[in-house]
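A.B. asks: Okay, here's the structure, questions in a sec.
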Amino acid sequence: MTDHHNESIPVVESPYAGQRLTFWQQIAISAFWFGSNAMWGALLLVVNAKELESISPTAKAQAVGILGAVALIALFVPLLFGALSDRCAHRWGRRRPYMVYGGVLNLIGLGMMWFAGDLKSYGLFLLAYVAVQFGNNIATAPYNGLIPDLVPEDQRGKASGYMGVMSQAGTLLGAAVSGPLMDAGMKWQTYVFLGGVLSVFMLGTVLGIRETPLPAKPPPLHWGNYLRSLWISPREYPDFAWVWLTRFLVMMGFYSIQPFAQYYLEDVIGVKNPATTAAMFFGIVLFAAMLSGYFGGAISDKVGRKKVVYVANSVIAVMAVALIFCHTMTQVLIVGVIFGLGYGAYISVDWALGTDVLPSKTSAAKDMAVWHISMVLPQSLTQPIAGFLLSNFEKARVPDPKTGEVVVHYATSGYGLLFGLSAVYFALGAYLLRNVKKAR
């Protein structure tokens, strides 16, 4: 059996076909999400902001924004390595060899980031971050194909729920551990911890699952045809296009808030240990997201994905606006819990909805890489824009009590603009999903 996207690649049966996946099989499939998200949770929520405040104290918002543009790498690498893994005839299967290769490069990049932070070299830090992005995307692009490869269709909502829980739990661990470590000046310990978690949980997936290898190596990829196949026509596949767009909007909203939350807590709420407090805040958000994520995927198998997204996105849009009016950490935490419940429900359904509308069955990793752009491109676009906007609302320049270096603080009105924009993105992400016709 073949399809028109990749006639030369046979459809191979999942080794789990006709089975009910066990708890441990579900955990093994999602394990790498835990390790990868632990790393990204630490980097995006705590480490990058803390490192760049040290490296570039008078232009920290712009520095964080430029770092977000590095995520453009994640637009192109998955498209290449997703397609290569679709054609991989390795005896381990199509996906796992690339997970190992990419994971090793990812670990090298983490070591370089630590070295660059010690040297206070922004150029080297950017280069190291490129290596992390490149390696992680070599691993995750093929990994994206595992749920459609392995999980029977009637269990994908549940598998997506496990993926959501493991993703949020990993992010929670990464933020919760890295915040206190970075505030205590224990930087090398932070990077060692992240590398260890990434390695252990990558191996959990690589060694804990089975793949059905391709029976023979397909002919070499015809790059001209492949590049043309990356255009998934909205006319031919309108549901895929609308799901792509709505996810794009939700991620635009998320990346208008997340990279600058540590600075918001310091500048607006007035916390004394911003990295530790940001870790606590995101920990509470993610714990709430884990709870709703576990139930959201399974519920969506019964009531439909769209209904869950409508409710979830409405909640996170309202909570984004509510952050503008918070004056105490207690208020921030209450808003964070409710935001987390909505965001977790969205994430749990998001993956299942994406797999429901995939155009192709034989090139799942390539098509999921196209879909993955809807998560990565917003980071590359909105993070530099948000950093630029926030830098125009400078409130004060004061010496850091620990280092004596002058540090910029930003005004409440700047954060209000970012949070208001994010609420609009979230709301549009819910409203436009109504155009998806063939998914419930």
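The values are calculated or read from the model by the stated rules, or taken from the named source; none is laboratory data. This one's a predicted model, so the numbers in the text were calculated from it and none came from an experiment. Because the Cβ atoms are built from the backbone with ideal geometry, glycine has one as well, and the counts that use them run over all protein chains shown. With ligands, DNA and RNA removed, areas are computed over all heavy atoms of the protein, side chains included. Shrake-Rupley method; radii C 1.70, N 1.55, O 1.52, S 1.80 Å.
A.B. asks: From the set of residues in region 78-112 that are of a type in the set (Lys, Arg) and touching a Pro at 6+ places or on another chain (Cβ under 6 Å), which is modelled with the lowest pLDDT?
C.D. replies: Applying the first criterion (of a type in the set (Lys, Arg)) to region 78-112 yields 87, 91, 94-96.
Add one more test, that the residue is touching a Pro at 6+ places or on another chain (Cβ under 6 Å), and what stays is 87, 91, 95.
Values: Arg87: 78, Arg91: 81, Arg95: 88.
Per the criteria, the residue is Arg87.
A.B. asks: So, one more: Which residue pairs have Cβ atoms under 6 Å apart, sit 6 or more places apart or on different chains, and have a first residue in region 111-127 that is closer than 11 Å to Trp188 by Cβ and a second that is assigned to a helix (DSSP H, G or I) and acidic (Asp, Glu)?
C.D. replies: Correct list of pairs: Gly117/Glu51.
Yes/no per residue for (1) in a helix (DSSP H, G or I); (2) in contact with a Phe, Trp or Tyr (Cβ under 9 Å, 6 or more places away or on another chain); (3) at pLDDT 85 or above:
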site: Thr362; (1), (2), (3): no, no, no
site: Ile373; (1), (2), (3): yes, yes, no
site: Ile385; (1), (2), (3): yes, no, yes
site: Arg397; (1), (2), (3): no, no, no
site: Pro401; (1), (2), (3): no, no, no
site: Ser413; (1), (2), (3): yes, yes, yes
site: Ala423; (1), (2), (3): yes, no, yes
site: Phe426; (1), (2), (3): yes, yes, yes
site: Lys437; (1), (2), (3): no, yes, no
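A.B. asks: How about region 206-217: which of its residues are assigned to a loop (DSSP other than H, G, I, E, B) and open to solvent by 20 Å² or more (accessible area, probe 1.4 Å)?
C.D. replies: First, pick out the residues of region 206-217 that are assigned to a loop (DSSP other than H, G, I, E, B): 209-217.
Listed by number, the residues that qualify are Arg210, Glu211, Thr212, Pro213, Pro215, Ala216, Lys217.
A.B. asks: Further question: Thr328 fails exactly one of the following numbered conditions: (1) β-branched (Val, Ile, Thr); (2) crowded, with 24+ Cβ neighbours inside 10 Å; (3) modelled with pLDDT of 90 or more. What is the number of that condition?
C.D. replies: Of the numbered conditions (1) β-branched (Val, Ile, Thr); (2) crowded, with 24+ Cβ neighbours inside 10 Å; (3) modelled with pLDDT of 90 or more, the odd one out for Thr328 is (2).
A.B. asks: Right, another one. Of the residues that make up region 339-354, is at least one charged (D, E, K, R), open to solvent by 40 Å² or more (accessible area, probe 1.4 Å) and at pLDDT 75 or above? Step through it out loud before you land on a result.
C.D. replies: Step one: of region 339-354, the residues charged (D, E, K, R) are 350.
In the following step, the residues that additionally are open to solvent by 40 Å² or more (accessible area, probe 1.4 Å) were identified as none.
Within region 339-354, none of the residues are charged (D, E, K, R), open to solvent by 40 Å² or more (accessible area, probe 1.4 Å) and at pLDDT 75 or above.
A.B. asks: Further, regarding this structure: Could you list all residues from region 88-117 that are under 20 Å from the mean Cα position of the chain (by Cα) and open to solvent by less than 20 Å² (accessible area, probe 1.4 Å)?
C.D. replies: Arg95, Met99, Gly102, Gly103, Asn106, Gly109, Leu110, Met113
A.B. asks: Is at least one residue of region 262-279 free of Cβ contacts under 8 Å to residues at least 12 places away in the same chain, over 14 Å from Gly340 (Cα atoms), outside any helix (DSSP H, G or I) and open to solvent by 20 Å² or more (accessible area, probe 1.4 Å)?
C.D. replies: To start, the set of residues in region 262-279 that are free of Cβ contacts under 8 Å to residues at least 12 places away in the same chain comprises 270, 272.
Narrowing further to those that are over 14 Å from Gly340 (Cα atoms): 270, 272.
Subsequent filtering for residues that are outside any helix (DSSP H, G or I) retains 270, 272.
Then drop every residue that is not open to solvent by 20 Å² or more (accessible area, probe 1.4 Å), which leaves 270, 272.
Yes; the residues of region 262-279 include at least one that is free of Cβ contacts under 8 Å to residues at least 12 places away in the same chain, over 14 Å from Gly340 (Cα atoms), outside any helix (DSSP H, G or I) and open to solvent by 20 Å² or more (accessible area, probe 1.4 Å).
A.B. asks: I would also like to ask the following. Conditions: (1) open to solvent by 10 Å² or more (accessible area, probe 1.4 Å); (2) farther than 26 Å from Leu214 by Cβ. Val370 meets all but one. Number of the miss?
C.D. replies: (2)
A.B. asks: Something else: So Leu124 clears everything in (1) open to solvent by 10 Å² or more (accessible area, probe 1.4 Å); (2) at positive phi except one condition, right? Which one?
C.D. replies: In the conditions (1) open to solvent by 10 Å² or more (accessible area, probe 1.4 Å); (2) at positive phi, Leu124 misses (2) alone.
A.B. asks: Here's another thing I want to ask about it. Just give me the residues in region 296-325 being within 14 Å of Ser160 (Cβ to Cβ) and open to solvent by 30 Å² or more (accessible area, probe 1.4 Å), in sequence order.
C.D. replies: To start, the set of residues in region 296-325 that are within 14 Å of Ser160 (Cβ to Cβ) comprises 296-302, 304-305, 308-309, 312.
Within region 296-325, Ala298, Ile299, Asp301, Lys302 qualify.
A.B. asks: Another question about this same structure. Look at Leu203 and say whether it is surrounded by fewer than 21 Cβ atoms within 10 Å (Cβ to Cβ) and modelled with pLDDT under 85.
C.D. replies: Values: surrounded by fewer than 21 Cβ atoms within 10 Å (Cβ to Cβ): yes; modelled with pLDDT under 85: no.
No.
A.B. asks: So, one more: Please work out if Ala216 is among the aliphatic types (A, V, I, L, M), touching a residue at least 12 places away in the same chain (Cβ under 8 Å) and under 30 Å from Ser422 (Cβ atoms). Outline the logic, then answer.
C.D. replies: On the way: among the aliphatic types (A, V, I, L, M): yes; touching a residue at least 12 places away in the same chain (Cβ under 8 Å): yes; under 30 Å from Ser422 (Cβ atoms): no.
No: the conditions fail for Ala216.
A.B. asks: On to the next question. Determine if region 16-26 includes at least one residue that is open to solvent by less than 30 Å² (accessible area, probe 1.4 Å), in a helix (DSSP H, G or I) and hydroxyl-bearing (Ser, Thr, Tyr). Spell out how you get there, then give the answer.
C.D. replies: Quick first cut of region 16-26, residues open to solvent by less than 30 Å² (accessible area, probe 1.4 Å) only: 16, 21, 26.
Those left that are additionally in a helix (DSSP H, G or I): 26.
Going one step further and asking which of them are hydroxyl-bearing (Ser, Thr, Tyr), we end up with none.
Taking every residue of region 16-26 in turn, none turns out to be open to solvent by less than 30 Å² (accessible area, probe 1.4 Å), in a helix (DSSP H, G or I) and hydroxyl-bearing (Ser, Thr, Tyr).
A.B. asks: Quick one: in region 113-143, which of the residues that are modelled with pLDDT of 90 or more and among the hydroxyl-bearing types (Ser, Thr, Tyr) is farthest from Leu44 (Cα to Cα)?
C.D. replies: Among residues in region 113-143 that are modelled with pLDDT of 90 or more and among the hydroxyl-bearing types (Ser, Thr, Tyr), the one farthest from Leu44 (Cα to Cα) is Ser121.
A.B. asks: What's the total number of residues in region 301-324 that are modelled with pLDDT under 90 and either of a type outside the set (Val, Ile, Thr) or not in a helix (DSSP H, G or I) (or both)?
C.D. replies: The qualifying residues number 9.
A.B. asks: Now, a different point. Starting from residues that are polar (S, T, N, Q) and exposed (fewer than 13 other Cβ atoms within 10 Å of the Cβ), keep the ones in region 218-249 and report whichever is nearest to Ala352 (Cα to Cα).
C.D. replies: Within region 218-249, the subset polar (S, T, N, Q) is 225, 229, 233, 246.
Now restrict to residues that are exposed (fewer than 13 other Cβ atoms within 10 Å of the Cβ): 225, 233.
Working: Asn225: 28, Ser233: 21 Å.
Among those residues, the one meeting the criterion is Ser233.
A.B. asks: Now for a separate question. Identify, by number, the condition in (1) more than 30 Å from Thr22 (Cβ to Cβ); (2) of a type in the set (A, V, I, L, M, F, W, C); (3) surrounded by 24 or more Cβ atoms within 10 Å (Cβ to Cβ) that Val130 doesn't meet.
C.D. replies: (3)
A.B. asks: Okay, next question. Give me the residue from region 24-83 that is touching a Lys or Arg at 6+ places or on another chain (Cβ under 9 Å) and charged (D, E, K, R) and, out of that set, farthest from Met113 (Cα to Cα).
C.D. replies: Across region 24-83, the extreme among qualifying residues is Glu53.
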